[in-house]
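Heads up, the thing below is written out as structure tokens.
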Amino acid sequence: DLRSVLHYEGIIIAHNTIHKSATGTVRAAITIDLENPFLFNLQIKNNIIGDYYGGDWWIGESRSRLMDYNCFTGAAYSDDGAECNVHSIIDDPLFADAGNNDFSLQGASPAKGAGDPGLAIPYDIGWMPRSATAPSIGCYE
């Protein structure tokens, strides 16, 4: 019986925009081995997660893992038994111009101001200050 000696603790995956065009076979998703018994204090929050993704993982409190406050693209959501946690949304994030790789958010985006303020990540990918009380989901504020 081989067991991993690696322990993964205190990992935060936050404020990413994971997107792909509608063509092609590469998926836009986060894949994590939730069966790994050496994975503790994992947080996946405030991310826009694109095509082929099923939803949030309800993760046992005893393992201190949490996935919430994410935006899943509505067109590609498939109900495979996964459910969204309380603060996650399934909707079009309304990118400014995804076809030209502009993944900033339009003013009416449902991801605007919908992130978890508890992460306290002060800047977005363009070094613009994030709202301390209502940050946006994704890499752009």
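The values are calculated or read from the model by the stated rules, or taken from the named source; none is laboratory data. The shown structure was predicted, so the numbers you read here are calculated from the model rather than taken from an experiment. Don't worry about glycine lacking a Cβ; one is built from the backbone with ideal geometry, like all the others, and counts go over all protein chains shown.
The residues of the range 87-141 that are among the aliphatic types (A, V, I, L, M) and on the phi > 0 side of the Ramachandran plot, listed by number, are L94, A120. Checking every residue in the range 41-63 against the condition of being over 16 Å from S88 (Cα atoms) and at pLDDT 75 or above gives at least one match. Of the residues S136, S104, the single one that is over 30 Å from N36 (Cβ atoms), modelled with pLDDT of 95 or more and within 13 Å of the chain's Cα centre (by Cα) is S136. Filtering the range 94-118 to residues that are under 13 Å from K20 (Cα atoms) and part of a loop (DSSP other than H, G, I, E, B) leaves only N101.
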